[in-house]
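The structure appears right after this line, and notes come after that.
The values are calculated or read from the model by the stated rules, or taken from the named source; none is laboratory data. Computed from a prediction, not measured in an experiment: that's the story for all the values here. All Cβ positions, even for glycine, are placed from backbone atoms using ideal geometry, and neighbour counts span all protein chains on display.
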Amino acid sequence: MGSPRTLAVNSFRANSLTTKIDRGRTCSLYAKPGIGPGALVPILMKRNMRKRFDKLQQGFSLVEGLVAMSIIAVVIGMAILNFTNILPNAKANSAMAMVVSQLRSARERAISHRCEVQVQFVGNNQITITEIWVAGNPPPPVTYAWEGSARYSVFAGIPDTPMAFGNNAPIYFGGLTGGPPIMKFTTSGAFIDGNNNFVNGTVFLGIQGNPGTARAISVLGATGRVRQYHWDGARWLE
């Protein structure tokens, strides 16, 4: 048993707990008889959770909402502007990739099949590949066309490619518009005309009215090497 003064102090501590809440305001919380100070912890936690929940429920002010909507509108506008440039370039790249793929495939077929493979540029967006066999029945010619608005075309004001084979026409080989009547890959991979002369040339394409979509594919006659270029607004880049 303790002294009367000690018992009084312990009783006061067990039945009263003072804590600072709500921005410095002091509140005294009294426990029920027979319950220690630890019983007040759930009460304080509950109050804190209620305060946080009420703060979350307040939402945004009108000014905050307007600022957020303005930012979203700017982002959407930038995305639309970029999309208008991305889509035409994607179409031009697709057309260039198709021409490059068919030219390289024709060269590989000439080497692997040990036969000459003729190439013809047809219409505005087609290329025809024909295997030339010395004996037997060759496969029929195959014409490939790309989708989209890209066409064989030359843009005024855009110079020739670094290969400098000429750009007087969209199809320009051997110094001739449209190229020689016969152009083909040999079994060695070279690109020649009907007289077995090496033929250098370039195919130009893009979407009319949009110089930013200008593309070029050059062929080096001696080796048949195919190179591709795109116009960045100032120069040709490979």
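Are any of the residues in the range 145-154 free of Cβ contacts under 8 Å to residues at least 60 places away in the same chain, more than 30 Å from the chain's Cα centre (by Cα), exposed (fewer than 14 other Cβ atoms within 10 Å of the Cβ) and not in a strand (DSSP E or B)?
Within the range 145-154 (the criterion being free of Cβ contacts under 8 Å to residues at least 60 places away in the same chain, more than 30 Å from the chain's Cα centre (by Cα), exposed (fewer than 14 other Cβ atoms within 10 Å of the Cβ) and not in a strand (DSSP E or B)), the answer is no, since none of the residues qualifies.
Please work out if residue 188 is part of a loop (DSSP other than H, G, I, E, B) and among the polar types (S, T, N, Q). Steps first, please.
On the way: part of a loop (DSSP other than H, G, I, E, B): yes; among the polar types (S, T, N, Q): yes.
When the stated conditions are applied, residue 188 passes them.
For residue 80, only one of the following conditions fails: (1) assigned by TED's automatic domain parsing to the domain that holds residue 208; (2) surrounded by fewer than 12 Cβ atoms within 10 Å (Cβ to Cβ); (3) part of a helix (DSSP H, G or I). What is its number?
Going through (1) assigned by TED's automatic domain parsing to the domain that holds residue 208; (2) surrounded by fewer than 12 Cβ atoms within 10 Å (Cβ to Cβ); (3) part of a helix (DSSP H, G or I) one by one, residue 80 breaks only (1).
I need a count of the residues in the range 106-126 that are surrounded by 14 or more Cβ atoms within 10 Å (Cβ to Cβ) and part of a helix (DSSP H, G or I).
7
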